[in-house]
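Presented below is the structure to which this report refers.
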Amino acid sequence: MRLVDHEPHPIDLRTTPVHLGLGSRAKPVEGFAWDPEVLHAYSTAVAADGAEGRMVTIFDGDGPDDQWERHPAGDELVVCLSGSVTVTRDRDGAPDRVVLGPGEATVNPAGTWHTVDMTGPASILTITAGLGTEHRPRTKTHPTKHTNTTDTTGTSGPHTP
């Protein structure tokens, strides 16, 4: 995994996220993968950006997600590119759902547990403040205080923003 300066070729955001950092920098993350070693290397490489760093990526999917997540360092923008998606936020134990179609977006506020379900094949673009991102298994309609929390070393998971 390495951050690339001034990539002259097209970037496939499905396989190569772009890190937005301090000083208005935009650097493709070459060799990125959703595994612990690469996530740790990415977090280390962008640590100086702190809470201001953002990851931009595209996720393709079909069906419900299997986890909740939250980003304590900042808001997350979710943009539906194709298909239909439902973003569900946990608001004090009650679900708050937003249905998005192509070209529509929503913001997940910092620290809010959320999940994204795709109705049929769909694609989303996310801009995520990944520092300190947490995931919880989606075993109920909303996360509970009794569920184990996993720190993903500063990035979002492979299935949701």
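Every read-out reported here was derived from the displayed coordinates using simple, explicitly stated rules and does not represent laboratory data. Keep in mind it's a predicted model, so treat the numbers as computed, not measured. Positions of Cβ are generated from backbone atoms using ideal geometry, with glycine treated the same way; all protein chains shown enter the neighbour counts.
Computed values, structure above
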{"item": "P(r) histogram, all alpha-carbon pairs of the stretch 31-85 included - 5 Å bins from 0, percent", "result": "4, 12, 19, 26, 22, 12, 5, 0"}
{"item": "Selection from 79, 17, 67, by position along the positive dipole direction of the chain (Cβ)", "result": "67"}
{"item": "Total charge dipole magnitude, the chain, about the Cα centre, Cβ charges on Lys, Arg, Asp, Glu only, Debye to nearest 20", "result": "280 debye"}
{"item": "Volume in Å³ per residue [convex hull over Cα atoms, computed for the stretch 1-50]", "result": "72 Å³"}
{"item": "Choice from 71, 135, 40 showing the highest fluctuation, given a GNM over the chain with Cα pairs closer than 10 Å", "result": "40"}
{"item": "For the chain, the fraction of alpha-carbon pairs in successive 10 Å shells from zero, as %", "result": "11, 42, 36, 11, 1"}
